[in-house]
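Student: Questions regarding the structure given below will be posed in turn.
The values are calculated or read from the model by the stated rules, or taken from the named source; none is laboratory data. On a predicted model such as this, the values are computed, not experimentally measured, just so you know. All Cβ positions, even for glycine, are placed from backbone atoms using ideal geometry, and neighbour counts span all protein chains on display. Accessible surface areas use protein heavy atoms only, side chains included; no ligands, DNA or RNA. Shrake-Rupley method; radii C 1.70, N 1.55, O 1.52, S 1.80 Å.
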Amino acid sequence: MFDGKRRMRILFAVILLASVASGCANGPSRDPAAKELASTKYDPHALDVFHVALAPGSDEEGNVLSSETFEATVEDILRGRSRHKATVSGLEENQLYSYRFGDGHRAWSESYTFQTQAEGNFNILFFGDPQIGAGDGTWIDADGWDRTVTAATEMFPDTAFLVSSGDQVNKASDLSQYDGWFFPEELTAYPVMTIAGIHDDSPFTDYFNVPNETGLGEDSEGSDFYFTYGNTLFMALNSQSSDIAEHKEAMELAIAESPDATHRIVFLHKSLYSSANHALDEDVLILRAGLVPVFDELDIDAVLMGHDHVYVRTYQMKGDGVVWEVVYNEEGVSVDPDGTVYLTGNSSSGSKYYDMQEASVYERYAAVALQLEEPTYMNIKVTDDSLTFTTYKVSDLSVVDEYRIVKTLGE
């Protein structure tokens, strides 16, 4: 995003293939070599760029780039600011890239870097509602969010992308809260899949560019979207819409585009199975009644959610009931389980926590239900035949919970 005082025609200026980087950590950095190269071609001027949002693409195929320019679309938004979106194609796996922004004339931003991942097994990081501004102050919340993102990416530097489960901010019209959400420097180096929450409101589309929007399940915050990464199909539903038929159509469209995906994972903001304040909300129960049969029909492996600021992992669920006949191997891993597992992420910033309901509300479906009242995050490890969900405390990086599914493919 650019400040309106410097109205820009072109946003995404240059992507440079910086080096082949096998095993290179995927952390944020400034690239002096890219800056030096730029200075030999242009008369540099400082360009103030902020709210840089990298998003996962619709696929991961293509050829290596070597200093290429991409032109962006430009739209005016709030308070004299403008939104700029560009799609970068042709990225190759296992490469380190440098990028920067320009105005189409002579002004350039500083350079940033990001690393694409190698083919094969991968992991992603899932963060429950940051909701910057819901706690003791915007910058107190932003500091907590920054600590969580830093801790998670330091533990898993080769992460493919990050997921923020919705309610990025508490009050979408307060631009300082988005300043707080974008505060972690790591967000310039990792793609982030952001889910629309109830507090994000229509400014959500001002800040984030999502792939393969279907136009289904649509409201002012956007619509359902999807993409593939490796062997996995990821589908994001806009839970602000209760149109079950459209959500089903969006997922069927995504599955038809990637019928051979080994794993199918769905993200949405409102938790269908939680244990705190929102567990019995009417809108949540309506979505549960409508979506769970669809997830059963479409063989969804896992559904990851936020909204209730608590950690919950269900048993394997099918038809709104627990699947009790699950086979476990000698390591305690579920093998070819029927149904779907539902996971709710707690606050990743520590801005707000909700009190637990009485156990009778959630004990029939919750294998684990915890209100730790401290920030957590989840790592999802994906292999050819397995999904592993591990949740960590930020304070000491201890494991809160781990659950693994193994599939006996081809049998």
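Student: Give region 156-177 a look and list any residue that's over 19 Å from PRO56 (Cβ atoms) and in contact with a strand residue (DSSP E or B) (Cβ under 6 Å, 6 or more places away or on another chain), or say none. Even if it seems obvious, please write down each step before you answer.
Tutor: Just the residues of region 156-177 that are over 19 Å from PRO56 (Cβ atoms), to begin with: 167, 169-177.
Those that are over 19 Å from PRO56 (Cβ atoms) and in contact with a strand residue (DSSP E or B) (Cβ under 6 Å, 6 or more places away or on another chain): VAL169, GLN177.
Student: Of the residues LEU409, LEU397, which single one is in a loop (DSSP other than H, G, I, E, B), touching a helix residue (DSSP H, G or I) at 6+ places or on another chain (Cβ under 8 Å) and open to solvent by 20 Å² or more (accessible area, probe 1.4 Å)?
Tutor: Details: LEU409 fails: touching a helix residue (DSSP H, G or I) at 6+ places or on another chain (Cβ under 8 Å).
When all the criteria are applied, what remains is LEU397.
Student: Only residues that are under 12 Å from TYR311 (Cα atoms) and either part of a helix (DSSP H, G or I) or over 18 Å from the mean Cα position of the chain (by Cα) (or both): list them for region 363-391, please.
Tutor: ALA366, ALA367, VAL368, ALA369, LEU370, GLN371, LEU372, GLU373, GLU374
Student: Checking GLY62 against (1) open to solvent by 40 Å² or more (accessible area, probe 1.4 Å); (2) modelled with pLDDT under 80; (3) in contact with a strand residue (DSSP E or B) (Cβ under 9 Å, 6 or more places away or on another chain), only one condition comes out false. Which one?
Tutor: Of the numbered conditions (1) open to solvent by 40 Å² or more (accessible area, probe 1.4 Å); (2) modelled with pLDDT under 80; (3) in contact with a strand residue (DSSP E or B) (Cβ under 9 Å, 6 or more places away or on another chain), the odd one out for GLY62 is (3).
Student: Across region 178-196, what is the total count of residues that are open to solvent by less than 10 Å² (accessible area, probe 1.4 Å) and more than 18 Å from GLN240 (Cα to Cα)?
Tutor: Matching residues across region 178-196 total 7.
Student: Return the only residue of THR138, THR159, THR113 being over 29 Å from SER271 (Cβ atoms), touching a residue at least 12 places away in the same chain (Cβ under 8 Å) and surrounded by 16 or more Cβ atoms within 10 Å (Cβ to Cβ).
Tutor: Numbers: THR138 fails: over 29 Å from SER271 (Cβ atoms); THR159 fails: over 29 Å from SER271 (Cβ atoms).
Only one candidate passes the filter, namely THR113.
Student: Which of the numbered conditions does GLN117 fail, given that it passes all the others? Conditions: (1) outside any strand (DSSP E or B); (2) in contact with a Phe, Trp or Tyr (Cβ under 6 Å, 6 or more places away or on another chain); (3) within 25 Å of THR150 (Cα to Cα).
Tutor: (2)
Student: Can you name the residue in region 197-234 that is surrounded by fewer than 19 Cβ atoms within 10 Å (Cβ to Cβ) and out of contact with any strand residue (DSSP E or B) (no Cβ under 8 Å at 6 or more places or on another chain) and is also nearest to ALA261 (Cα to Cα) among such residues?
Tutor: Within region 197-234, the match that is nearest to ALA261 (Cα to Cα) is GLY215.
Student: Do you know which of the residues in region 235-284 that are under 25 Å from PHE389 (Cα atoms) and free of Cβ contacts under 8 Å to residues at least 24 places away in the same chain is least open to solvent (accessible area, probe 1.4 Å)?
Tutor: VAL284
Student: Conditions first: (1) within 23 Å of ARG100 (Cβ to Cβ); (2) among the aliphatic types (A, V, I, L, M); (3) not in a helix (DSSP H, G or I). LEU187 passes all but one, so which condition is the exception?
Tutor: (3)
Student: Among the residues that make up region 310-324, is at least one of them in a loop (DSSP other than H, G, I, E, B), under 19 Å from THR376 (Cα atoms) and either among the polar types (S, T, N, Q) or open to solvent by less than 20 Å² (accessible area, probe 1.4 Å) (or both)? Let's see the steps before the verdict.
Tutor: Applying the first criterion (in a loop (DSSP other than H, G, I, E, B)) to region 310-324 yields 310, 315-316, 319-320, 323-324.
Subset that is under 19 Å from THR376 (Cα atoms): 310.
Okay, now just the ones that are also either among the polar types (S, T, N, Q) or open to solvent by less than 20 Å² (accessible area, probe 1.4 Å) (or both), so 310.
Looking through region 310-324, at least one residue is in a loop (DSSP other than H, G, I, E, B), under 19 Å from THR376 (Cα atoms) and either among the polar types (S, T, N, Q) or open to solvent by less than 20 Å² (accessible area, probe 1.4 Å) (or both).
Student: Restrict the check to region 265-279 and report whether at least one residue is out of contact with any helix residue (DSSP H, G or I) (no Cβ under 9 Å at 6 or more places or on another chain), part of a loop (DSSP other than H, G, I, E, B) and of a type in the set (Ser, Thr, Tyr).
Tutor: Among the residues of region 265-279, not one is out of contact with any helix residue (DSSP H, G or I) (no Cβ under 9 Å at 6 or more places or on another chain), part of a loop (DSSP other than H, G, I, E, B) and of a type in the set (Ser, Thr, Tyr), which makes the answer no.
Student: Here's something else I'd like to know. Scan region 314-342 and report the pairs whose first residue is over 27 Å from VAL361 (Cβ atoms) and whose second residue is at pLDDT 95 or above and of a type in the set (Asp, Glu), with Cβ atoms within less than 7 Å and a gap of 6+ or a chain change.
Tutor: Matching pairs, first to second residue: VAL327/ASP336.
Student: Could you say whether any residue in region 162-173 is over 12 Å from the mean Cα position of the chain (by Cα) and either part of a helix (DSSP H, G or I) or closer than 26 Å to GLY120 by Cβ (or both)?
Tutor: Looking for residues that are over 12 Å from the mean Cα position of the chain (by Cα) and either part of a helix (DSSP H, G or I) or closer than 26 Å to GLY120 by Cβ (or both), one finds none in region 162-173, hence no.
Student: Quick check, is THR376 farther than 28 Å from ILE255 by Cα, surrounded by 21 or more Cβ atoms within 10 Å (Cβ to Cβ) and touching a Lys or Arg at 6+ places or on another chain (Cβ under 8 Å)?
Tutor: Working: farther than 28 Å from ILE255 by Cα: yes; surrounded by 21 or more Cβ atoms within 10 Å (Cβ to Cβ): yes; touching a Lys or Arg at 6+ places or on another chain (Cβ under 8 Å): yes.
Answer is yes for this residue.
Student: Which of the numbered conditions does ASN123 fail, given that it passes all the others? Conditions: (1) part of a strand (DSSP E or B); (2) open to solvent by less than 10 Å² (accessible area, probe 1.4 Å); (3) farther than 22 Å from HIS307 by Cβ; (4) at pLDDT 95 or above.
Tutor: (2)
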